[in-house]
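Note sheet for the following structure.
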């Protein structure tokens, strides 16, 4: 801290990487200077030093700056949306929705953080007797390293940086190499909001830069959003350096449509949104749908009808509702999942149209009795597909649905569609997931702590969103 | 793996496979005070199956019914205090008066933790609904984590067991408790007392053995949480295993805790008595025992004199003797370690300011020792005694010139458990403690893990821990949230 290195701005060491448009697999939409071990260490020094002053600023002042940041984000929504669409292939309407919601979320998280902070302060004194007072104060953790993902680059960045900064931490944000632009823009907006330099910094690059970041000695916390495999590595590294790890690792989320579902069409529309929004590239996207035998055919018909409404095309086109996958690798993975399901006897209930160029995959519905039984037996129901593909599986009763939905090594979210609220709560109580939905899906609400069980982040030392998402960036001192 | 509820294996009680181990009295290094049947991979898995099955119904019991059983348990611990104290003293060499103090306090602590857990639970429930608008209600419920594996330590076997089992059981979990191989007896006794308190069988089980049994336990697939109290080295291994299996790890990994005596300390003798207790109680074998004492130059000689006078009062001898206040270390290995630390300090130029009488030659006794002097200033990581956990009745007393030097020295460590400041200036105490990177700060006190406060550590003392014991947070650590987004209109 305070070293000469920290005052010299390193913008990467010379290596560069391109971002290729997923819409055509050819156009280079951005060329970015990559960080390396040295620049990451230097930025860390800068963060350590900046955090010292930042944490002494009164909370209200930090909150006011974040309010300004929310406004600037709202004002720049158009620009940032275009960046997301060009880099990741997300349909423009969806990019806009994300950025506008992110701006609203900044404000929501300022309020939630205030509430969390007030709650902690109201419970500061734990005992008081004679000459002894026992109390707990909450301190920032220090420097937070955030290794983020490309599928919701604005949301994911904001989910961490807002509570972390409010709590008096500094953040080193590493976007995915597929979506480098949003982080840079957020950094600019924060500086324009009078957040001191080096309180929020961006490190660009691939896995090697992510590794350099999580291996830093003296981090206050590591927040990671990504695959379970990479997340497990991060968790193990953090464990060995005694660093808090906040892990959001995806899921193979399931929905259950009960026979007493109030409105089948509406349920199908909800599930379709969960399965196809952002081309199914969401940690809580719906991948498995269990439908009671009695409503199976009707539901499939309604779901197929929803899938058929999707318009695959140029993400920059405002009428497009289904964009490409983010990479060729992603496309290959989904094709393997679908082929495996079909080889196992699943029926292709719907296959949409998709452009031939780029990394498009058509919307699909597969289903049938062949997909009953062990959910881990087939790729599609065992592993994250992260694609616009839904498997629709008939079940005979609640018990079979619960067993199938729990038959997974993940545990992020689960949804139940029914007119019986008590049944919904009872079923959700038996599902091993961090979030349960009744008559909804794919809604990471800012009001609720976002957690996962088992492979979705069961060992996480904290979470984002909700009041808990603020507390996760503090540590107690008794 | 493949352990489904109600399996035949679970119903057959495996009491370990045949290996057994001896507990040798640290007081004479010879007498075998207990021979214990050890668990192994198979028995650990079987007990795990039993725990999974038992917790299904345990978690459904109304909270008040579980709390009532824990209150009964508290009474039984109190009533059994005499017996349990003798077990601790014979197995670990802790002076009998200190063993009794531990067990009596553990009984009180059970009650305190029921109250704290009730408070934590009420707080969680009062904040259940987070938003409500139109047809959508957003709320959070808290569920037990499931089966808690507890790899415990020998230095406060009753406290450490109770710290985990009470909140864990109250929250609806089952516990697999593994005592240290140095102190196997307390866990068995607690299990009996819990059964006598109508806690269903297999809700609390004991796995006996050494590191291999600990490893088998933490590698179980499907644990709700692992709680580990012990060395940083072993704890790091546990944390890494838990990380790979996506299991919550609650880690309490020791420290090289320090105290700072300011020139405006109100009462030097009282401060010295407090520090002496922190350094020598239980022969210094405590995670938050005071190992490093930084004393302002202006009161250095006075303080050293007072501390030495306190050390001289210690009576080393047979732990079973009620006049003994300094028992042996727990093992030969521990004795060698402490000797190495002292020798290293002396070789570096530290003065031996006090050395107690050498007690009986048999056993693992180490005399109380105070070392000190300017030679110990500067880099605190340069010398074994100030870098690594000594876990012996040895204190290093180091002069400092001002608060800044004290703060820098106290933070010059890879640990971060507790720190103490002795001063008559409360604001200064709070300011200094605010700058020390520790989980617990004390003003005019030390070595007090209070049930009221969350017990956490920074960095090597458990910085990556996914939870803690004690305080309300020590209850919440054994639960996990489930967010519910409920839309009543499809």
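The values are calculated or read from the model by the stated rules, or taken from the named source; none is laboratory data. These numbers come from a predicted model, not from an experiment. Cβ placement follows ideal geometry from the backbone for every residue including glycine, while neighbour counts extend to all protein chains displayed.
Computed values, structure above
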{"read-out": "Lone qualifier among A:318, A:335, A:265 - being within 14 Å of chain B (Cβ to nearest Cβ) and surrounded by fewer than 19 Cβ atoms within 10 Å (Cβ to Cβ)", "value": "A:265"}
{"read-out": "Single condition residue B:408 does not satisfy, out of (1) under 23 Å from residue B:265 (Cα atoms); (2) touching a residue at least 12 places away in the same chain (Cβ under 8 Å)", "value": "(2)"}
{"read-out": "Hits in region B:394-433 - residues which are within 12 Å of chain A (Cβ to nearest Cβ) and surrounded by 24 or more Cβ atoms within 10 Å (Cβ to Cβ)", "value": "B:415, B:416, B:417, B:418, B:419"}
{"read-out": "Hey, residue A:447 at the interface with chain B (Cβ under 9 Å from one of its Cβ atoms), touching a residue at least 24 places away in the same chain (Cβ under 8 Å) and touching a strand residue (DSSP E or B) at 6+ places or on another chain (Cβ under 7 Å) or not", "value": "yes"}
{"read-out": "Sole exception among (1) surrounded by fewer than 22 Cβ atoms within 10 Å (Cβ to Cβ); (2) away from every other protein chain (no Cβ under 13 Å); (3) closer than 30 Å to residue A:399 by Cβ for residue A:285, by number", "value": "(1)"}
{"read-out": "Of residues in region B:109-127 being without any contact (Cβ under 8 Å) to a residue 24 or more places away in the chain and in a helix (DSSP H, G or I), the one farthest from the chain's Cα centre (by Cα)", "value": "B:126"}
{"read-out": "Wholly enclosed strands (runs of 3 or more DSSP E) of region A:340-452 bearing at least 1 residues farther than 18 Å from residue B:138 by Cα", "value": "A:347-351, A:364-367, A:389-395"}
{"read-out": "Residue within region A:241-253 that is under 15 Å from residue A:350 (Cβ atoms), within 14 Å of chain B (Cβ to nearest Cβ) and buried (at least 17 other Cβ atoms within 10 Å of the Cβ) present", "value": "no"}
{"read-out": "Top-ranked residue in region B:465-479 [being under 15 Å from residue A:471 (Cα atoms) and not in a helix (DSSP H, G or I); ranked as farthest from the other protein chains (Cβ to nearest Cβ)]", "value": "B:477"}
{"read-out": "Qualifying position, being more than 26 Å from the chain's Cα centre (by Cα) and farther than 30 Å from residue B:470 by Cβ, among A:89, A:67, A:53, A:130", "value": "A:53"}
{"read-out": "Boolean, residue A:114 is closer than 30 Å to residue A:478 by Cα and either within 14 Å of chain B (Cβ to nearest Cβ) or surrounded by fewer than 18 Cβ atoms within 10 Å (Cβ to Cβ) (or both)", "value": "yes"}
{"read-out": "Within region A:268-277, considering residues that are away from chain B (no Cβ under 13 Å) and either crowded, with 24+ Cβ neighbours inside 10 Å or free of Cβ contacts under 8 Å to residues at least 60 places away in the same chain (or both), the one farthest from residue A:379 (Cα to Cα)", "value": "A:272"}
{"read-out": "In region B:143-184, the residues that are farther than 29 Å from residue B:326 by Cβ and out of contact with any strand residue (DSSP E or B) (no Cβ under 7 Å at 6 or more places or on another chain)", "value": "B:146, B:166, B:167, B:170"}
{"read-out": "Single residue of A:457, A:462 found to be within 11 Å of chain B (Cβ to nearest Cβ), within 14 Å of the chain's Cα centre (by Cα) and touching a residue at least 12 places away in the same chain (Cβ under 8 Å)", "value": "A:457"}
{"read-out": "Search result, residues across region B:301-315 that are exposed (fewer than 15 other Cβ atoms within 10 Å of the Cβ) and touching a residue at least 12 places away in the same chain (Cβ under 8 Å)", "value": "B:309, B:312, B:313"}
{"read-out": "Restricting region A:434-444 to residues that are at pLDDT 95 or above and within 7 Å of chain B (Cβ to nearest Cβ), the residue that is surrounded by the most Cβ atoms within 10 Å (Cβ to Cβ)", "value": "A:435"}
{"read-out": "Only one of A:366, A:326, A:342 that is out of contact with any strand residue (DSSP E or B) (no Cβ under 6 Å at 6 or more places or on another chain), buried (at least 22 other Cβ atoms within 10 Å of the Cβ) and within 30 Å of residue A:20 (Cβ to Cβ)", "value": "A:326"}
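Yes/no per residue for (1) touching a strand residue (DSSP E or B) at 6+ places or on another chain (Cβ under 8 Å); (2) modelled with pLDDT under 95; (3) closer than 30 Å to residue B:119 by Cβ; (4) exposed (fewer than 14 other Cβ atoms within 10 Å of the Cβ):
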{"position": "B:1", "(1), (2), (3), (4)": "no, yes, no, yes"}
{"position": "B:5", "(1), (2), (3), (4)": "no, yes, no, yes"}
{"position": "B:9", "(1), (2), (3), (4)": "no, yes, no, no"}
{"position": "B:15", "(1), (2), (3), (4)": "yes, yes, no, yes"}
{"position": "B:22", "(1), (2), (3), (4)": "yes, no, no, yes"}
{"position": "B:45", "(1), (2), (3), (4)": "no, no, no, no"}
{"position": "B:51", "(1), (2), (3), (4)": "yes, no, yes, no"}
{"position": "B:58", "(1), (2), (3), (4)": "yes, no, yes, no"}
{"position": "B:78", "(1), (2), (3), (4)": "no, no, yes, no"}
